[in-house]
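Engineer: Please see the structure below; I have some questions.
The values are calculated or read from the model by the stated rules, or taken from the named source; none is laboratory data. In this text, all values refer to a predicted model and were calculated from it rather than measured experimentally. Heads up, the Cβs are rebuilt from the backbone with ideal geometry, glycines too, and the neighbour counts pull from every protein chain shown.
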Amino acid sequence: MPKKKDDSAVDEALYGARRKVIAALPDIVTKLIDKAKEGSYQHARFLLDFAGEGPADESGADANDDSLAALLMKELKEPS
């Protein structure tokens, strides 16, 4: 099925957004680390999930399969 004209505009916008996120990742991660060091459990948990170091759940599957970090990484790796 051919793409609609609107689809290419959306694809272009998503590509641009991904590029901006990727470019900002070093600063974002640094700030997340700072917050985790200040004692923020949520920031620490996100970082562990992001790094693939989150705990496994009781079923043996990785706890980060459905995490925000996993979804972000999937989107950054797999452009639409």
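Engineer: Would you mention how many residues in segment 22-66 are of a type outside the set (A, V, I, L, M) and at pLDDT below 70? Walk me through how you get there before you give the answer.
Structural biologist: At the first step, the residues of segment 22-66 found to be of a type outside the set (A, V, I, L, M) are 26-27, 30-31, 34-35, 37-43, 45-46, 49-50, 52-55, 57-60, 62, 64-66.
If we keep only those that are at pLDDT below 70 too, we end up with 55, 57-60, 62, 64-66.
Adding up the residues that qualify gives 9.
Engineer: When SER80 is evaluated against the numbered criteria (1) of a type outside the set (Asp, Glu); (2) surrounded by 13 or more Cβ atoms within 10 Å (Cβ to Cβ); (3) modelled with pLDDT under 90, which criterion, by number, is the only one it fails?
Structural biologist: Among (1) of a type outside the set (Asp, Glu); (2) surrounded by 13 or more Cβ atoms within 10 Å (Cβ to Cβ); (3) modelled with pLDDT under 90, SER80 violates only (2).
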